Each structure stands twice: as C-alpha cells, then as structure tokens.
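The values are calculated or read from the model by the stated rules, or taken from the named source; none is laboratory data. Because the structure is a prediction, the values reported are computed rather than measured. All Cβ positions, even for glycine, are placed from backbone atoms using ideal geometry, and neighbour counts span all protein chains on display. Heavy atoms of the whole protein, side chains included, go into the accessibility calculation; ligands, DNA and RNA do not. Shrake-Rupley method; radii C 1.70, N 1.55, O 1.52, S 1.80 Å.
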Protein chains: 2
Amino acid sequence: MIHTIESDWKGKMLFCVEEPGGTVSIDSDAEFGGEGKGVLPKPLMLTSLAGCTGMDVVSLLKKMRAEVADFKIEVKGHLTDEHPKYYDKVTVKYKFYGTDFKKDKIEKAVNLSIERYCGVMEMFRRFAEVTTSIEYFEK
Amino acid sequence: MIHTIESDWKGKMLFCVEEPGGTVSIDSDAEFGGEGKGVLPKPLMLTSLAGCTGMDVVSLLKKMRAEVADFKIEVKGHLTDEHPKYYDKVTVKYKFYGTDFKKDKIEKAVNLSIERYCGVMEMFRRFAEVTTSIEYFEK
C-alpha cells in the first residue's frame, strides 16, 4: 500500500495538506518567518506516534474487555543540538484513567502495540532511543 | 530542546492533540472502528516531512532571491506488508511553479535541505530508502 500527501505552499512559512478527514496546516512562529497559523512540522512526528500506538491500544483493550474511562499519551522528543536536528531520545507515557484497572491486560495491550503492531513506533526505533512507561490514575 | 505533545482520547478511534498553532484530530475510517473525523496517523509522518523540508526550501529561496510563484511537495510512502507496517520506500517530489526559474539556486536550496538542514529527512533516512526529485511547471 502507498500513502500519498501533497503540501501546498500558502506564502511565508504556511503549508496546507488536505487529507481525508481534515486539513493539516503547518507554520512556523514569527522568529522563523511564519505567523503561527499552523502546527510545527517536527512535533507532527510525535503526534503521529501517539495516534498510531493509541489506536492499537484502544482496539486491543476493547477486544480484551479491559476498557478504561480515559486515556492520554504524552510523547516527549529530545532534539539534537546540531543540524540536521532530529529526535534522538523519545519517551512515551501511556496514562490510563478510571477504576478497577485490568492491569495485566492493559500492559499486554500496550506491549503488543510497542513490539508488534505500531509501525510508527518501529520507525522511531530506527532513529531514536525510545523509552515507554504506563501510569494509572484513579478517578 | 525537548518537544512535548499529549494526545487525548475522545472515544472510538478519535484522538486530539492540542499544539500551539492548532489542534490535530486523528481518527481511523469505519473499517477500523473510527468515523473519519481526523487524519490517519501514518500519513502525518509524510506531512511532517513535507512541512520540514518545505520550510527550509522557502527560507533558502528567499535568502538566495530565487523565489517562485508556487511550490508543492508530493510525498509518497510505501508501507511494508507485514506488521509492524512502516514506510520502507519514500519519494519526495519538489514541484515549482512560475517563470524564469533560477534552477541552479533552486537545486542548491533543495539539496541543502535534504543533506544538511531537514531533521525529519534525516529521521526518514534511518528507516526508509528516500528518493527525491525536482519538477518545474511554467505558469
């Protein structure tokens, strides 16, 4: 399967990409000649990772009947100092909210995504040291 | 420098990430339990690449006084067949629109981004075979 996107320059540092499901606007802040009318390109990589592994976890928890009340994923990427600046260290924190967590199933779901299913995680492993953790919050 | 994002699960397969400059919504289509209310996570990687190298090229062309009338970047990512599915082959087509192109400067700008400045390109090189090309369209 091949995925295709096309970015369309809108002047200054603004680019728009129309995708099924929505338009993504990318811009820089004023320091780099933009106007902050869109998201920065590099954090979109972190967003892609959170979305990909998040979808795995949600669908696995549903199959395992281990749903939670709420679920957030925090991704931090450390950029190298020298050009080309890339994420060399990345942490992914899976945060589950609810009561009576089925922790063995939740951990299994998270690990299946990390190790087997999440293609974005696989890409990240090729350029970054990736550290993952799970946290539970009773609510 | 550290970049941080947090995805917030909104039920089914929908996730939202609030970033300076906008909110990115991620969703799957109905086949995978979503409702198509957001973009797919993996193409966001391609979007990140187009944005990062696009910003480099625009700012370099401005410095070199080699502006063009319009500029698009098409990125195609070929996914592996087996899990974890990742982009193993990626093509990036830089498409310039205008008249009287300063082609030597344009090619220099594109190559500086590819080889030296674009951190997302550097990340892609670690997991994919990346092929780039330049096309000119008189308008």
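To the nearest 20 Debye, how big is the dipole of chain B about its Cα centre, given +1 on the beta carbon of each Lys and Arg and -1 on that of each Asp and Glu?
Working: 21 positive and 23 negative charges, 120 e Å.
Here the size comes out at about 580 debye.
Across peptide B:125-131, the average count of Cβ atoms from other chains found within 10 Å of a residue's Cβ is 3. Other residues lying with their Cβ under 14 Å from the Cβ of B:THR99 contribute a combined charge of -1, Lys and Arg counting +1, Asp and Glu -1. All other residues whose Cβ lies under 10 angstrom from that of B:GLU6 are scored, Lys and Arg at +1 and Asp and Glu at -1, for a net of 0.
Taking Cα pairs under 8 Å and at least six residues apart, what relative contact order does chain B come out at, in percent? Don't skip to the answer; put the middle values down first.
Numbers: 212 pairs, mean separation 26.2, N = 139.
Across chain B, relative contact order equals 19 percent.
Residue of chain A with the Cβ closest to the rotation axis carrying A onto B, and that distance rounded to whole Å: A:ARG126, 2.
With a 1.4 Å probe, what is the total accessible area buried between chains A and B, in Å² rounded to the nearest 100?
Values: alone 9690 and 9700 Å², together 13200 Å².
Interface between A and B: roughly 6200 Å².
What segment A:16-139 shows is 47 Å² of accessible area per residue, with the surface traced by a 1.4 Å probe over protein heavy atoms.
Evaluate the relative contact order of segment B:71-139 (contact order divided by residue number), counting alpha-carbon pairs under 8 angstrom at least 6 apart; express in whole percent.
Numbers: 92 pairs, mean separation 27.8, N = 69.
It rounds to 40 percent for segment B:71-139.
Taking the convex hull of the alpha carbon atoms in segment B:1-60, what volume per residue do you get, in Å³?
Once divided by residue count, the hull of segment B:1-60 is 103 Å³.
Enter the mean number of other protein chain beta carbons within 10 Å of the beta carbon of each residue in A:56-68, as an integer.
Working: counts 3, 1, 9, 6, 0, 0, 3, 0, 0, 0, 0, 0, 1.
Average per residue, whole number: 2.
Qualifying trypsin sites (Lys or Arg not before Pro) in segment A:1-96, where qualification requires a DSSP coil assignment and no more than 11 other C-beta atoms within 10 Å, comprise A:ARG65. When the listed pairs B:LYS63/B:LYS102; A:LYS89/B:LYS12; B:LYS76/B:LYS103; A:LYS95/A:LYS139; B:LYS62/B:LYS108; B:LYS95/B:LYS139 are checked against a 19 Å cut-off, the alpha-carbon distance exceeds it for A:LYS89/B:LYS12; B:LYS76/B:LYS103. Averaged over the residues of A:78-85, the number of partner chain Cβ atoms lying within 10 Å of the residue Cβ comes to 5. When the convex hull of its Cα atoms is viewed from all sides, chain A shows a mean projected area of 10.5 nm².
Could you give the length gained by full extension between B:HIS83 and B:PHE32, i.e. 0.36 nm per residue of separation minus their alpha carbon distance, to one decimal place?
Values: separation 51, 0.36 × 51 = 18.36 nm, distance 1.56 nm.
Full extension of this stretch gives 16.8 nm more.
Seen from A:ILE114, the other residues with C-beta closer than 12 Å to its C-beta sum to a net charge of -1, counting Lys and Arg as +1 and Asp and Glu as -1. Restricting the calculation to Cα atoms, every distinct pair contributes to the Kirkwood radius of segment B:37-108, found to be 13.9 Å.
Relative to the 2.2 N^0.38 Å rule of thumb, the protein assembly as shown has a C-alpha radius of gyration ratio of 1.02.
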